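What follows is a set of notes on a single structure, which appears directly below.
The values are calculated or read from the model by the stated rules, or taken from the named source; none is laboratory data. Since this is a predicted model, take the numbers as computed values, not measurements. Glycine gets a Cβ as well: all are built from the backbone with ideal geometry, and neighbour counts include every protein chain shown. Side chains are part of the model used for accessible areas, which takes the heavy atoms of the whole protein and leaves out ligands, DNA and RNA. Shrake-Rupley method; radii C 1.70, N 1.55, O 1.52, S 1.80 Å.
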Amino acid sequence: MATMTATNVRDVGPKDIQTFNNNAPTRIDLGNIADVPYYVEKRYVRAVDNGDEFQYEEVPVEEFYDDDKEDTLDALIRNVKDQQRESQVVTTSASATVPRGSLTTQPEAVDDFVRNFLVRMGMKKTMQQFQIEWHNLSSVGRIKTNECGYLPDVVKHNEELSEKMRLLESEVDRYRKSAEKAREEFVKMKKERDYHRQHHNRIAQEKNNLVTFVKRLKSHLSTFEPQLDELKSKYDGAMREKMVYKLEKEKLQNELNALKLGSSTTLQNSTEGESGPTQIKLRELRLKEDKKKQAMINEQRRLTDSTHESNPHDSDFPIDTGNNPYLNRFAEDAFHRSTLTLAKEIEAHDGPISCAAIHPRKHVAVTVSDDRSWKMWAIPEGDMIMKGEGHSDWVSGIDFHPSGNKMATCSGDTTIKIWDFSQKKCVHTFTNHLLPVWSVNFHSCGDFIASASQDKTVRLWDLNSLRCRTVMRGHQDSVHSAELLMFSNIILSSSVDKTLMLWDARTGLAEHTFAGHVNPCNQATFNLRGDTVASCDSKGIVKLWDVRTVKSIVTLDFGPYSANSVSFHPTGQLLTAASSDRTIKLYNIASEQLIPLSSHHDEVQYVKFDLKGQYMISTGRDRTLRVWS
């Protein structure tokens, strides 16, 4: 028997499609079927009548209840297992003999193809008109559904291939988008890799610099061990002498008490009419004690007032006229930001460069470094002219003699050395400071040098008598800089105690104190006119002070890194500061414009304009001297 049913209908509910046979056409709800895609295929299912081909087998009851067999638990278990195996064998043989029906698929009919095409294209009105005409023609017998024919397989195959092609094209588009996205991610990761590689190289360079610095610091500290041993031995000797003096003092005190006791008894005896040799002896003892006390007082005065003693070779202080001949040697517009560019970079030393000085008449600069040497350079060519060594520790400060024929350097070995270029050697060394000396500065007359030291003092040295003329005590901590105002007798000092002080070099007395910094001061300097002072501290704060009112007029925050040095342009309109953030801060005082200059690879230690305002030099921990013009 053969039946034909509507099978393989996609997305169509049971209410929309009804089963039809050979004599009745298919009835479809057109209102719902046009909204969803569907496909109709004709299939034949052959029904197989099995009849009673399956053979049933009766199982006798006696097999389960055999009285002859032994009624034990083991026997019952064996019987049950045997029966299960027999039933499995019977079931397997029976299932193997059951025939199954075959399913054949016929090609799609032409009318079904048309319907599917119209539904797929969304042609609802055409689909409705086609259904109506097809139904009318089928009703009058002009179209026989069984003789309409089937769609060739090649057409269906072409459609399937077209569908696969569309799917593959969509997959290709999706893969193409994924590839573009992957390419963008790759480029991004490549940039990040380059950035991290550069960052790694920078960190490695800094690490190498730190390793080199630590090695240099260890070698520097190793030089202090013999000095510490020497100081320890001196301390032990001083303690022993102290104990000896203490014992002598107690001994003398006992003798004095005995003498007092003897004098009282002598007076008593004299009243009783005894002779006077004892009184003469007591009188001699008293004279000896008075002479000893007077000698001690004179020695103390000699030690405290030795710096104030007169010397026939002492230089006379120049008269302070207040005239500065450098004020009229430059134009007001001699320097602009547009002309401030890096002209030359010089690899100067093997260690950090702490300070530099510019020759007063020639294009020459001198640098000093932690490698215990100084070097003279031609500006801006960068050729080394001369080199000097002589200090036993790092060199911290330098300054030219106003004539340009001499030079002074100071060092961590507590000494100040005077170098004569004509003799090509050090001609004198001052050794009165007790701790490292941070800066030196010549007087405009060339006869005096001011120095600042870690021993909390500022000293004034006479180059003619070769001695210390004045010791200025007033700071409570290390003094970092001392500068003489040009063509004047005023000294400006800055200290770790957060103050600046103005001193009279002739008397050694402090005239004014500038208080306002909250961090240790690194340097202070005058402008060329002498009416304004600039100072910087360890947190990057730079202050401008009015000398006449002794008050701060401008406060600039270049922090949080330390500001190590400041310098005025000769016009007084520009201020530059060396910062530990590897930049130079150029500040226009009139326009209040700040311009950072980046070139150094490490902390900038020192900046200085020349007296004509034509160029500026800077030094740093990167061991370079840079010329800006």
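Scanning region 165-216 for residues that are of a type in the set (D, E, K, R) and closer than 26 Å to residue 621 by Cβ, which turns out surrounded by the most Cβ atoms within 10 Å (Cβ to Cβ)? Can you show your working first?
At the first step, the residues of region 165-216 found to be of a type in the set (D, E, K, R) are 166, 169, 171, 173-174, 176-177, 180-181, 183-185, 188, 190-194, 197, 202, 206-207, 215-216.
Filter again for closer than 26 Å to residue 621 by Cβ, leaving 197, 202, 206-207, 215-216.
Values: 197: 10, 202: 11, 206: 12, 207: 10, 215: 10, 216: 16.
Per the stated criteria, the residue is 216.
Give region 396-409 a look and list any residue that's hydrophobic (A, V, I, L, M, F, W, C) and in contact with a Ser or Thr (Cβ under 6 Å, 6 or more places away or on another chain), or say none. I'd like the intermediate steps shown before the answer.
Here is the first cut: in region 396-409, the residues hydrophobic (A, V, I, L, M, F, W, C) are 398, 400, 407-408.
Once the filter is applied, which keeps residues that are hydrophobic (A, V, I, L, M, F, W, C) and in contact with a Ser or Thr (Cβ under 6 Å, 6 or more places away or on another chain), region 396-409 yields only 398.
Name the pairs whose Cβ atoms lie under 8 Å apart, with the first residue in region 410-438 and assigned by the TED database to the domain that holds residue 393, the second surrounded by fewer than 19 Cβ atoms within 10 Å (Cβ to Cβ) and among the basic types (Lys, Arg), and 6 or more positions between them or separate chains?
Going by the 8 Å Cβ cut-off, the qualifying pairs are 419/425.
Please indicate, with yes or no, whether at least one residue in region 234-252 is at pLDDT below 90 and either touching a His at 6+ places or on another chain (Cβ under 9 Å) or under 30 Å from residue 370 (Cα atoms) (or both). Let's see the steps before the verdict.
Going residue by residue through region 234-252, those that are at pLDDT below 90 are 234-252.
Then keep just the ones that are either touching a His at 6+ places or on another chain (Cβ under 9 Å) or under 30 Å from residue 370 (Cα atoms) (or both); that gives 234-235.
Taking every residue of region 234-252 in turn, at least one turns out to be at pLDDT below 90 and either touching a His at 6+ places or on another chain (Cβ under 9 Å) or under 30 Å from residue 370 (Cα atoms) (or both).
So which residues in region 528-551 are touching a residue at least 12 places away in the same chain (Cβ under 8 Å) and open to solvent by 20 Å² or more (accessible area, probe 1.4 Å), if there are any at all? Outline the logic, then answer.
Of region 528-551, the ones touching a residue at least 12 places away in the same chain (Cβ under 8 Å) are 528-548, 550.
Passing the criteria: 528, 529, 531, 532, 538, 539, 541, 543, 546, 547, 548, 550.
In region 500-513, is there at least one residue being open to solvent by less than 10 Å² (accessible area, probe 1.4 Å), over 17 Å from residue 456 (Cα atoms) and under 33 Å from the mean Cα position of the chain (by Cα)?
For region 500-513, residues open to solvent by less than 10 Å² (accessible area, probe 1.4 Å), over 17 Å from residue 456 (Cα atoms) and under 33 Å from the mean Cα position of the chain (by Cα): absent.
Of the residues in region 574-592, how many are touching a residue at least 24 places away in the same chain (Cβ under 8 Å) and under 28 Å from residue 324 (Cβ atoms)?
11
State which residue is modelled with the lowest pLDDT when the search covers only region 310-330 and only residues that are farther than 30 Å from residue 507 by Cβ and open to solvent by 50 Å² or more (accessible area, probe 1.4 Å). Explain how you work it out, then say what you get.
Just the residues of region 310-330 that are farther than 30 Å from residue 507 by Cβ, to begin with: 328-330.
When the remaining residues are screened for being open to solvent by 50 Å² or more (accessible area, probe 1.4 Å), the result is 328-329.
Values: 328: 72, 329: 68.
This residue is 329.
From the list 356, 408, which residue is part of a strand (DSSP E or B), among the aliphatic types (A, V, I, L, M) and within 17 Å of residue 609 (Cβ to Cβ)?
Details: 408 fails: within 17 Å of residue 609 (Cβ to Cβ).
None of the other options fit; the residue is 356.
To keep it simple, each residue is scored yes or no on (1) part of a strand (DSSP E or B); (2) within 17 Å of residue 530 (Cα to Cα); (3) open to solvent by 50 Å² or more (accessible area, probe 1.4 Å); (4) hydroxyl-bearing (Ser, Thr, Tyr).
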residue	(1), (2), (3), (4)
553	yes, yes, yes, no
561	no, no, yes, yes
586	yes, no, no, no
590	no, no, yes, no
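Considering region 427-456 alone, what residues qualify as being crowded, with 23+ Cβ neighbours inside 10 Å and of a type in the set (Val, Ile, Thr)?
Listed by number, the residues that qualify are 437, 440, 449.
Can you pull out every residue in region 217-231 that is in a helix (DSSP H, G or I) and open to solvent by less than 90 Å² (accessible area, probe 1.4 Å)? Working first, answer last.
Quick first cut of region 217-231, residues in a helix (DSSP H, G or I) only: 217-222, 224-231.
Residues satisfying the conditions are 217, 219, 220, 222, 224, 226.
Residues are listed down the side, and each one gets a yes or a no for (1) of a type in the set (Asp, Glu); (2) touching a His at 6+ places or on another chain (Cβ under 6 Å); (3) modelled with pLDDT under 95:
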{"residue": "408", "(1), (2), (3)": "no, no, no"}
{"residue": "413", "(1), (2), (3)": "yes, yes, yes"}
{"residue": "431", "(1), (2), (3)": "no, no, yes"}
{"residue": "434", "(1), (2), (3)": "no, no, yes"}
{"residue": "440", "(1), (2), (3)": "no, no, no"}
{"residue": "446", "(1), (2), (3)": "no, yes, yes"}
{"residue": "479", "(1), (2), (3)": "no, no, no"}
